[in-house]
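Report on the following structure.
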Amino acid sequence: MSSLLRSIIATAIAVSLLRPAAVHAWSRCRNQPGDPDYPTAADWSALNDTIYGRLLEVVPSAKACLALGCTEAQWESGIFRQTIPGSMNAYNWEQDYGPPPGLCLRNGTTCAQGDVPLYAVNATTVQHIQAGIIFAQEHNLRVVIKSSGHDYLGRSTARNSLLLWTAYFKNITFAEEFPIAGVDQGPAVTIGAGVGLKTIYAAAKAHNKMFVGGSAATVSATGGYTQGAGHSAFSPIYGLAADNVLQYRVILANGSFVTANSVSHPDLFWALRGGGAGSWGVIIDATLRTFPIFNATIHTVNVLTTTLDQTGDLMTTHAIHIKDWDAVRAGQYFYLTGSTSNSTLVLSTLFKDLDGATSMAQMSSFLDGARALGAVVQKESTITALANDIVGFPDDQSGYNTILSSRLVPNSVYLNEPSNISTAYKRLLSQGISVVLGHLVAGGQVAANANISSAINPAWRSAKTHVIATQRWGDTLSADDVQALRRNFTATVQPVLAELAGGASSGSYSNEADVLEPNFAVTFYGPNYSRLESIKAVYDPKDLFIVPAGVRSEHWDAEGMCQV
């Protein structure tokens, strides 16, 4: 980056810090095409010149793939799709279901822009992002931030917006010492905003290290993942990902580039760890603790049932036996696919430092209980390897339509009311929910870390599992029918999960949840919401960074375009 550009941006930031917000007829709304103050073609050209030609016109993924000649495998690949600036892994978030609708579907005959940004700053330097932010502030534009597009709430995309695209911040730096204010925090890794978990696991292996991460290949560890909390199969041993963040470097709404840690901007550091994705600034990189590399065993098994009652009994049995794995702090994914008749529970359990035989012994009591119900146990297997090689997926299935609803289920439910688990699963299956994803990613060190001061929803500290109900649909469904499906999903599924988890005060993991959650401030942020609002008022007083179901989003319309 040239010294001239640095000087121009520094001057613009200084001016933005001093001058009051512009007041004009459109001040309550972001500018959109057709508005008097929307940037002219010459304005956009000037921005492009400022960032040396890195301004992109953005199109929906279906249009991009038509031009590129994407194969079906590429369309469904999260790794491939993250190279397309307008792409979302769950591509329903690219659509505007209206009314009137604006759709761009795979193999469709027409293509509207939908909820996809118009332009993107394809950033590779801090100065690129700063230039985009200053431009957005000067022209009162809607802004979105995206790394990979692995986003189930549609926070990384918005109609008529300017995208700040961080996919190419690819730095990874390992250190045996990481001092903050002269105090060494121990071994750590600093990760750029565009680096996915798959890449980090491989890099960590080369340095004989491990870190706290999830299973999805394309999740950006330093982005929404840690801002939401970030769960892992190894969280019962090491805590949530956000518990292990030592520092962020972030560009604020006024364009300034700051370091946030326990000493520098500690209030912002508190908010960034658990206060929600996309609400605080553009993260350039984050530094996370690392741990010595270790072996782990992944135990997988399928359990088949043939009636709804048998499925319910199986989930009660699982709830009773979930404490079997507390002593070894195992993590587990228990995914149920089924109906009111046949169902299959697929369990993948990760055991740190245990071999295959010992892992099978850990599972035997639960599996014996399943067999006693008449369920069929099949395909039991184990793989023992370095944890880096087995915790993550090689790619993420993408290019489909899906919505989620979830709750953090308290440990007390498993200890005192395991039959409530059965009741909830049977109600969901009876409502036509065919996939319920269970995650044993809490308890253990997650609970022990309750003394850490951060914005993580306290519901995590008393939880045992994170349970998600999912709903998919095909592209043949009309826009009106999609809207009706979404409303029905929220109205019917959310109450079941909320009742299971403790009612109106129950909590949810904000990265894997329903964007239409009725009381998102309580459900996603718990008692932290008021403090989060106060911190946002300091660092983003004009609400440049507004996302659906994010802090202060209730003061904006659903599109984040106009104050309400």
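Highest mean first, the peptides 379-391, 162-174, 220-232 sorted by other C-beta atoms within 10 Å per residue fall in the order 220-232, 162-174, 379-391. Each Lys or Arg adds one and each Asp or Glu subtracts one; over the other residues with Cβ under 12 Å from the Cβ of Gln471, this totals +2. Extension gain for the segment Val183 to Ser534, taken as residue separation times 0.36 nm less the Cα-Cα distance, is 123.4 nm to one decimal. Remark: the chain carries 37 Å² of accessible area per residue (probe radius 1.4 Å; ligands, DNA and RNA excluded).
Taking the Cβ of Arg371 as the center, what net charge do the other residues with Cβ under 13 Å away carry, scoring Lys and Arg +1 and Asp and Glu -1?
Values: positive: none; negative: Asp313, Asp368, Glu380.
Spelling it out: positives minus negatives among the neighbours equals -3.
Packing-based ranking of 74-86, 235-247 yields 235-247, 74-86, ordered from highest to lowest mean Cβ neighbour count within 10 Å.
When a 1.4 Å probe is rolled over the protein heavy atoms, the share of accessible surface on the chain that falls to carbon and sulfur comes to 54 percent. For the pair Ser434 and Lys323 in one chain, pulling the backbone fully straight at 0.36 nm per residue adds 37.3 nm over the alpha carbon distance.
The values are calculated or read from the model by the stated rules, or taken from the named source; none is laboratory data. These numbers come from a predicted model, not from an experiment. Positions of Cβ are backbone-derived with ideal geometry, glycine not excepted, and every protein chain shown enters the neighbour counts. For the accessible areas, the whole protein counts, side chains as well, though only heavy atoms, and no ligand, DNA or RNA atoms are used. Shrake-Rupley method; radii C 1.70, N 1.55, O 1.52, S 1.80 Å.
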